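Only one structure is covered here, and it is reproduced in the block below.
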Amino acid sequence: MSDEHDHHDHGLSAPVTPEDSGSQALAEALRSSFAIVKIVMLLMVIAFFSSGFFQVGPQEKAVILRFGRPVGDGQKALLTSGLHWSFPYPIDEVVKIPITEQQIVLSTVGWYFTTPEQELSGEEMPAGPSLNPAVDGYAITADRNIIHTRATLYYHIDDPIRFVFDFESASNTVQNALDNALLYTAARFNVDDILTRDVAGFQDAVQQRVTDLTEQEQLGIVIDQCEVQSIPPRQLQTVFAQVTDARENRNKLLNDAHSYENQVLLQSGAEASTITNEAESARARYVDSLTAEAKRFSDLLPKYESNPSLFAQLTLVQTMGQVLTNVQDKIFLPQRADGKPRELRLMLNREPPQPKAGAQTP
Amino acid sequence: MKRNVLTVVIGTVLIVIFALLLFVFQVRRSEVAVVTTFGKPVRNLTEPGAYFKWPWPIQKVYKFDQRTQNFEDKFSENLTADPLTLLTSVYVGWRISDAKAFFPKFAGGNEAAAQRMLESILRSAKSAVIGKHPLSEFVNANPEDLKFDAIENEIKQKVQARLSTNDCGISIEFLGIKKLGLPESVAQAVFTRMTSERQVLISKLQYTGEAEAQEIRSAADRQAAETVANADADATRIRGEGEAEAAKTLPVFQQNPELANFLLRISALQQSLNQRSTLIFDERTPPFDLFQHLPTNSPSQQP
């Protein structure tokens, strides 16, 4: 096109004296077509530069490669959603990176042959007598048991530049790391730890291994979460269930024993404190009453010493007075004139035969 | 003239652009490139950027993906040192690190050919390394005996060594085992063993459960009896202390034993007549001795 342009330029400046109308018309036509070409070129230049505008969607980021080199370092190189501009093709190149908040990778390398549809509908293939290594995956535990285990890994991309420009298929690499982590961790754990005793520990160890591997491989991702599911081989499901039952039974027995233990110990503790408390209070009462007696004795002693018989009589009479107010039945039995003893018959039936009354017979 | 200058400028720019297209090429961040002069590799470009070259047919540029690529070998059998048959599958992260070496090796940089070579190298490295280790080094609860990482490393080093001696321009970034398996018949034997292990476990759980429960109960009974016995002993001690303390008051009473005796009897009398009781007495009992000299109309005195 540039050649054409030059050519026309010269063509226009050369014919100074247009003589015949034919060539004049030609010149007119050329002039107007040249104007059209100019406009087209202008439009093309505008199109060329405006082609530099591009849009980044909400689920993606973009990186501008200027002569093949990313513009900006690390996170700064990433363009977020919105409208952006770059130089057109030979200078800049825009690479869009699909990036969802969280990526998910599944590892079924340790699971028997099944599909999600079969699993949902419960129409899985029945378990054969053994496991065909070509079809059914499994892991070998530290005590050389076979178990099925699978994992779901949630991660997000931390360094998209590494993730996209350094790995042909980074998500496959993550998947491989997860497969490896499952096998490696299963090889370190005993079967009962994986299945029942230390399920969380196993899961953490798998996550740790994946994290280590992906860091070593510098995948530029951050592991959010790793969920692991493990089951015994379907062929041995009943016998594993029996172990679970036996373990539950045992726990029940032990729980019962422990509750018995608690009860017995609480009871004996209560009994013991009752015994000691009673002893304490008996002691206190005994000591207090004796102390009070001693004090009373000390108070009375001078009075008694001044006239022992009078004191005795007075005290006795006073006491009798008090005592008799409490006594319910009082029977006065004067002496017979002839001095012979009287005979008295009592019917004591108000209370069980406990003759509390002190009969003072003359 | 002005028009001519403009024309010349535009023309020059266009020529420059055209020349740049002929003489300059770019290497992207994800690529490595090799420049050949009449088919002979001369320059190796690993950094991204724009580079100069002579136009075709003098120089030619071949670009390769330098990103780490995944390769997985077939799930294949090998004998361990035990010897047991073990099926393994290994994944390899490999990349073209030296395009100049890579390019002539594989018929103009054919990646499929490279993978075929990688596979054969991997196969021999794997069987050599696995043959040196017993199964107990693949799976073991004891971290010191577990050689999982070491085995992976050994395979990786063997593969890398073979690749460098062949000068393939390929580097191994990482290598790991991604699948382990046993032949079908062995798996069945493992199932038989697992079943018997489970059964042993079941009977052990039953037996030890009962025994332990019994032990807990009897221990509880013993402890309870001990607690009560201790409390009894404490109670006796406390009472004894009380008596010892009370004995300190004895000298007070010794000042006049007669009075003490009298007072004790008085208080005994008070206590014994505290309840509902019936008292029969004659006129000699104080204070009823007051009645003694009163005239009575008892029948005994009447006649």
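Condition check ((1) touching a Lys or Arg at 6+ places or on another chain (Cβ under 8 Å); (2) surrounded by 15 or more Cβ atoms within 10 Å (Cβ to Cβ)) across all residues:
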{"residue": "A:VAL239", "(1), (2)": "yes, yes"}
{"residue": "A:VAL243", "(1), (2)": "yes, yes"}
{"residue": "A:GLU248", "(1), (2)": "no, no"}
{"residue": "A:LEU253", "(1), (2)": "no, yes"}
{"residue": "A:SER259", "(1), (2)": "no, no"}
{"residue": "A:GLN263", "(1), (2)": "no, no"}
{"residue": "A:SER268", "(1), (2)": "no, yes"}
{"residue": "A:ALA272", "(1), (2)": "no, yes"}
{"residue": "A:ALA279", "(1), (2)": "yes, yes"}
Within the bounds of segment A:274-291, is there any residue that is hydrophobic (A, V, I, L, M, F, W, C), farther than 15 Å from B:GLY240 by Cα and at the interface with chain B (Cβ under 7 Å from one of its Cβ atoms)? no
Tally the residues that are more than 8 Å from chain A (Cβ to nearest Cβ) and either of a type in the set (A, V, I, L, M, F, W, C) or closer than 30 Å to A:GLU271 by Cβ (or both), restricting the search to segment B:180-214. 4
Condition met for A:SER50 (farther than 23 Å from B:GLU47 by Cβ, of a type in the set (Ser, Thr, Tyr) and surrounded by 13 or more Cβ atoms within 10 Å (Cβ to Cβ)): no
Number of positions in segment B:159-194 that are assigned to a strand (DSSP E or B) and not polar (S, T, N, Q): 11
Just checking, how many residues over segment A:80-99 are over 22 Å from A:TYR155 (Cβ atoms) and not in a loop (DSSP other than H, G, I, E, B)? 7
Looking only at residues that are among the hydrophobic types (A, V, I, L, M, F, W, C) and out of contact with any Phe, Trp or Tyr (no Cβ under 8 Å at 6 or more places or on another chain) in segment B:154-179, which one is farthest from the other protein chains (Cβ to nearest Cβ)? B:ALA161
Would you be able to tell me the number of residues in segment A:199-236 that are free of Cβ contacts under 8 Å to residues at least 60 places away in the same chain and either farther than 30 Å from B:ARG67 by Cα or under 19 Å from the mean Cα position of the chain (by Cα) (or both)? 11
Qualifying helices (runs of 4 or more DSSP H) (wholly inside segment A:115-200; at least 2 residues being facing another protein chain (nearest Cβ under 7 Å)): A:170-186
Kindly indicate whether B:GLU243 is under 30 Å from B:SER97 (Cβ atoms), acidic (Asp, Glu) and more than 7 Å from chain A (Cβ to nearest Cβ). no
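Rundown of residues vs (1) more than 8 Å from chain A (Cβ to nearest Cβ); (2) part of a loop (DSSP other than H, G, I, E, B); (3) at pLDDT below 80, yes/no style:
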| site | (1), (2), (3) |
| --- | --- |
| B:PRO251 | yes, no, no |
| B:GLU258 | no, no, no |
| B:ARG276 | no, yes, yes |
| B:THR285 | no, yes, yes |
| B:THR296 | no, yes, yes |
| B:GLN301 | no, yes, yes |
Check whether at least one residue in segment B:229-249 is aliphatic (A, V, I, L, M), modelled with pLDDT under 90, touching a Phe, Trp or Tyr at 6+ places or on another chain (Cβ under 8 Å) and on the phi < 0 side of the Ramachandran plot, and report yes or no. yes
So in segment B:180-198, with the set limited to residues that are in contact with a helix residue (DSSP H, G or I) (Cβ under 7 Å, 6 or more places away or on another chain) and of a type outside the set (A, V, I, L, M), which one is surrounded by the fewest Cβ atoms within 10 Å (Cβ to Cβ)? B:THR195
From A:ILE146, A:ILE161, residue being at pLDDT below 90 and surrounded by 21 or more Cβ atoms within 10 Å (Cβ to Cβ): A:ILE161
Check A:ARG342, A:ARG336 and return the single one that is more than 7 Å from every other protein chain (Cβ to nearest Cβ), under 18 Å from B:PHE281 (Cβ atoms) and surrounded by 13 or more Cβ atoms within 10 Å (Cβ to Cβ). A:ARG342
Out of everything in segment A:76-101 that is within 25 Å of A:ALA170 (Cα to Cα) and free of Cβ contacts under 8 Å to residues at least 40 places away in the same chain, what residue ends up being surrounded by the fewest Cβ atoms within 10 Å (Cβ to Cβ)? A:LYS76
Return the pair list, or none, for Cβ contacts closer than 8 Å from residues in segment A:308-321 that are more than 7 Å from chain B (Cβ to nearest Cβ) to residues that are of a type in the set (D, E, K, R), at least 6 apart or on different chains. A:PRO308/B:GLU258; A:PHE311/A:LYS303
Restricting attention to segment B:130-153, report how many residues are closer than 24 Å to A:SER107 by Cβ and assigned to a helix (DSSP H, G or I). 9
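The values are calculated or read from the model by the stated rules, or taken from the named source; none is laboratory data. Computed from a prediction, not measured in an experiment: that's the story for all the values here. All Cβ positions, glycine included, derive from the backbone under ideal geometry; neighbour counts span all protein chains shown.
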